[in-house]
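First comes the structure, then the notes that go with it.
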Amino acid sequence: MADLDGLIKLCNHVEALAPGSAAGMTLTDEDHSRIQRALFPSLPDSFSLALTDVPLQPSSFGSCVKAIASGQTITCPDIQADDNFDPQWRNVCLDFGLKSIQSRPVYVNGKVRGTFVLAYQKPRPESDWDAALMTFAADAATEALST
């Protein structure tokens, strides 16, 4: 079972290190067929609910699904202008004021178990993302999920 309190503290800590951001997590189900849970402590619960029970196929649905499928960090610098992902995903993000997002895979026992996510209310060039912070966050999430 995931240490939800630890994950919430991690998200809050990352937000403090990245002013103006919203941090969160997605977690897959045991069958690795859908996003079972989304956790974004600083956003309304309805945002997390909109990302819950999302199938992992097709992998182009959104940044988290693609990051889980590919095992790579996925960055969407301008959600409104991006047509690589499903319009439903874009609309959910935009409805909550999110204009850019990065999803980094989180591994448990060598398998992608979800993503650590950082989002901003303004478009953000891919070169402006803090890779060290995202690596720290994903590694800390792995630790919390492994306990």
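Just to be sure, is Ser103 closer than 25 Å to Leu49 by Cβ and touching a strand residue (DSSP E or B) at 6+ places or on another chain (Cβ under 6 Å)? Criteria met by Ser103. Annotation note: of Thr52, Thr28, the sole residue that is farther than 21 Å from Tyr120 by Cβ and either buried (at least 20 other Cβ atoms within 10 Å of the Cβ) or modelled with pLDDT of 95 or more (or both) is Thr28.
Restricting the search to strands (runs of 3 or more DSSP E) fully inside segment 66-147 and requiring at least 1 residues that are at pLDDT 95 or above, of a type in the set (Ser, Thr, Tyr) and in contact with a Leu (Cβ under 9 Å, 6 or more places away or on another chain) gives 100-108, 111-120. One residue alone among Ala81, Ala141, Ala137 is among the hydrophobic types (A, V, I, L, M, F, W, C), more than 19 Å from Leu4 (Cβ to Cβ) and either surrounded by fewer than 17 Cβ atoms within 10 Å (Cβ to Cβ) or touching a strand residue (DSSP E or B) at 6+ places or on another chain (Cβ under 7 Å) (or both), and that residue is Ala81.
The values are calculated or read from the model by the stated rules, or taken from the named source; none is laboratory data. Remember, it's a predicted structure, so these values are computed and weren't measured experimentally. Cβ sites come from the backbone with ideal geometry, for glycine too, and all protein chains shown count toward neighbours.
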